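Peer 1: Below: one structure in structure tokens.
The values are calculated or read from the model by the stated rules, or taken from the named source; none is laboratory data. Computed from a predicted structure; not experimentally measured. So basically every Cβ, Gly included, is an ideal-geometry build from the backbone, and we count neighbours across all protein chains shown.
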Amino acid sequence: MSRLRILPLGGVGEIGKNLTVVEADGRIVVVDAGLRFPTPEMVGIDLVLPDFTYLLERAAAIEAIVITHGHEDHVGALPFLVRELAARSTASAPPVFGGALTIAMARSKLEEHRLKDFDLRELEPARVLELGPLSLELVHMTHSIPDSCAVVLGSELGSVVITGDYKFDQTPVDGRPADVPRLAEIGRDGLLLLCGDSTNADRPGVAPSESSVGPALLQEFSRCEGRIIVTSFASNIHRVQQVIDAAVALDRKVALVGRSMRKNFNIASNLGMAEAPDGLFIQPREIEDLPDEKVVVISTGSQGEPLSALRRMANNDHRDVQLHSGDTVVFSATPVPGNERAVNETIDRIYEIGATVITAKDAPIHASGHGWQEEIKLMLNLTKPRYVMPVHGDHKRLRLHSELAEAVGVDPARIFRGRNGLPLEIDESGARFGEDIHAGVMYVDGVNIGEPDDAALRDRREISADGIFIVVATVSSDDGSVVADPEVIFRGVAFREEADALVEELSDLVEDTLDEASAAGNREAHLIEEDLHEAIGKFVFQRLRRRPMILPVVVEV
Ligand SMILES: [Zn+2]
Ligand SMILES: [Zn+2]
């Protein structure tokens, strides 16, 4: 008897790191391999990935990896996943499928990781591929990046649609709306399961069209007398195109600032998805040569990312662009949840410099790439799924998406609100959740990936909060007596001067503790270190009201 298993390893109960495993008769197709960015508590962690151990253990069963679109929360973990798969598996890594832009962006990403010879294949929408017991088809959708696709996986039991990120934009900038006829056809043929984007399940109505942003940008630009600096997601090619069009209309030159802004525009223009008249672009270093009213800068940094071009400008630390009064910085993006603080800080620094800021609160210069409630209902009504599993959202939005499904008449018993690691199993007798595999996360720390090491993170938090005291004590291996003055080193401790004043007393304390240990016949280095840890910790807390990390080192000579 045939059985389908849909196992989300990320993206369900959170926004970020989407990865869904679809299994039929022991064969696997992976849909998306995304990442999320760390929270401030994850000190020193660069990226967070879904734990894909499940896939590494079944590497030989993977028929393909399909990427719905080029956003980091869908493709960001791909280099790590294919690298680990290639290392584990004797067979070559599975092929990766996606639309033209998605594949071009994935290729550039793999190259950045120095990963070559992976099998990346463009798949045109509407072409059907056989992948073992599953068939694969992409359906063209609209989103805040071109080439976003829904994934249709056919099986003996019926079809599964994973929508990817979508909105039903009736007037997209490239004139290619979502393939509504195909979705309706899938619905008429009888869809087994719909796994749909829940991002905007809390917003009543219909999302504004991306093409409504262009005129609003033009209107705002035409009021600006000085330079215009626009920031948006570098991957939002149609937004960048509309900024370019507005600049052309106002006879301004354009500088693309920020590595990913230039890279993505190049990739898109090579594919014919973006264009600019000859002579429009100037190099960032030429910005200062032109009169202010002749310049539009398009910059990365809409999320307040610490190393981004805009953040550097706001900190007066950008090589080519020094902000000054008269400049207008236009945020053509809204902060992704979690980035609000960094964005607000950036905005305030820009005001401090004397420039003006326009955000999406001031004018309709941003449109979300995710459909609102009426669009989620439209998807449900077009595809008429037997079962519904909301994905791509936190638990609140998953719940709201379920309510929308009920509102359009889906039987509540056929709506499955899951979580990462909980597989939905479907066979001839119905659908139910299977055994939880407890999907966790993996951290990228520099170039290494691994399990989250709680101790390492706790250490980093302690050090980052209150600093570190290192005490080196040298004792005789014969009798445990102190043979040299203890050394006390501290780093990152607030109230440096007070800490300085403590060093002498700390040395005495260390000697006393060592004497006591010696007198008590305590000769084990690690036990002495424990004594030191306790004594120093208590003392430092009494004096500084802080709990820095205490690292005693006992050296025997
Ligand atoms: Zn997404
Ligand atoms: Zn997206």
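Peer 1: Suppose we filter segment 472-529 for residues that are over 16 Å from E556 (Cβ atoms), touching a strand residue (DSSP E or B) at 6+ places or on another chain (Cβ under 7 Å), of a type in the set (A, V, I, L, M) and surrounded by fewer than 14 Cβ atoms within 10 Å (Cβ to Cβ); how many remain?
Peer 2: Residues flagged as over 16 Å from E556 (Cβ atoms), touching a strand residue (DSSP E or B) at 6+ places or on another chain (Cβ under 7 Å), of a type in the set (A, V, I, L, M) and surrounded by fewer than 14 Cβ atoms within 10 Å (Cβ to Cβ) within segment 472-529 amount to 1.
Peer 1: Something else now. Determine, yes or no, whether R127 is out of contact with any helix residue (DSSP H, G or I) (no Cβ under 8 Å at 6 or more places or on another chain) and surrounded by fewer than 15 Cβ atoms within 10 Å (Cβ to Cβ).
Peer 2: yes
Peer 1: Sticking with this structure for a sec: Within segment 1-35, can you find the residues that are basic (K, R), more than 15 Å from ligand 1 (Cβ to nearest atom) and touching a Pro at 6+ places or on another chain (Cβ under 6 Å)?
Peer 2: Narrowing segment 1-35 to residues basic (K, R): 3, 5, 17, 27.
Now narrow it down to the ones that are more than 15 Å from ligand 1 (Cβ to nearest atom): 3, 5, 27.
Result: R5, R27.
Peer 1: When segment 174-189 is examined, which residues are found to be in a loop (DSSP other than H, G, I, E, B) and either away from ligand 2 (no atom under 16 Å from the Cβ) or touching a Leu at 6+ places or on another chain (Cβ under 9 Å) (or both)? First the steps, then the outcome.
Peer 2: Taking segment 174-189 and keeping what is in a loop (DSSP other than H, G, I, E, B), we get 174-179.
Hits for segment 174-189 are D174, G175, R176, P177, D179.
Peer 1: Here is a follow-up. Starting from segment 518-544, keep only residues that are assigned to a helix (DSSP H, G or I), then list their pairs with residues that are of a type in the set (F, W, Y) and surrounded by 13 or more Cβ atoms within 10 Å (Cβ to Cβ) whose Cβ atoms are within a distance under 8 Å, requiring at least 6 positions of separation or different chains.
Peer 2: Listed by first residue and then by second, the contacts come to I536/F469; V540/F469; L544/F495.
Peer 1: If you check A77, A100, A61, which single one turns out to be touching a residue at least 12 places away in the same chain (Cβ under 8 Å), aliphatic (A, V, I, L, M) and within 15 Å of ligand 1 (Cβ to nearest atom)? Talk me through it step by step, then tell me what you get.
Peer 2: Working: A100 fails: within 15 Å of ligand 1 (Cβ to nearest atom); A61 fails: within 15 Å of ligand 1 (Cβ to nearest atom).
Going through A77, A100, A61 in turn, the sole match is A77.
Peer 1: Next question. Does segment 105-125 contain at least one residue that is at pLDDT below 95, more than 16 Å from ligand 2 (Cβ to nearest atom), aromatic (F, W, Y) and not in a helix (DSSP H, G or I)?
Peer 2: yes
Peer 1: Let me ask something additional. With respect to I287, determine if the residue is crowded, with 24+ Cβ neighbours inside 10 Å and either modelled with pLDDT of 95 or more or not charged (D, E, K, R) (or both).
Peer 2: Details: crowded, with 24+ Cβ neighbours inside 10 Å: no; either modelled with pLDDT of 95 or more or not charged (D, E, K, R) (or both): yes.
No, not satisfied.
Peer 1: Now for a different question. Do you know which residues across segment 317-366 are surrounded by fewer than 13 Cβ atoms within 10 Å (Cβ to Cβ) and modelled with pLDDT under 95?
Peer 2: Listed by number, the residues that qualify are D317, R319, P337, R341.
Peer 1: From the list A100, A77, which residue is of a type in the set (G, A, S), modelled with pLDDT of 95 or more and surrounded by fewer than 21 Cβ atoms within 10 Å (Cβ to Cβ)? Give the derivation first.
Peer 2: Values: A77 fails: surrounded by fewer than 21 Cβ atoms within 10 Å (Cβ to Cβ).
Result: A100 is the single residue among A100, A77 that is of a type in the set (G, A, S), modelled with pLDDT of 95 or more and surrounded by fewer than 21 Cβ atoms within 10 Å (Cβ to Cβ).
Peer 1: Write out, first by first residue and then by second, each pair whose Cβ atoms fall under 6 Å of each other, whose residues are 6+ apart or on separate chains, and whose first residue, in segment 366-391, is aliphatic (A, V, I, L, M) while the second is in a strand (DSSP E or B) and within 15 Å of ligand 1 (Cβ to nearest atom).
Peer 2: Once the first residue is aliphatic (A, V, I, L, M) and sits in segment 366-391, its partners that are in a strand (DSSP E or B) and within 15 Å of ligand 1 (Cβ to nearest atom) give M379/G196; M389/C195; V391/V12; V391/C195.
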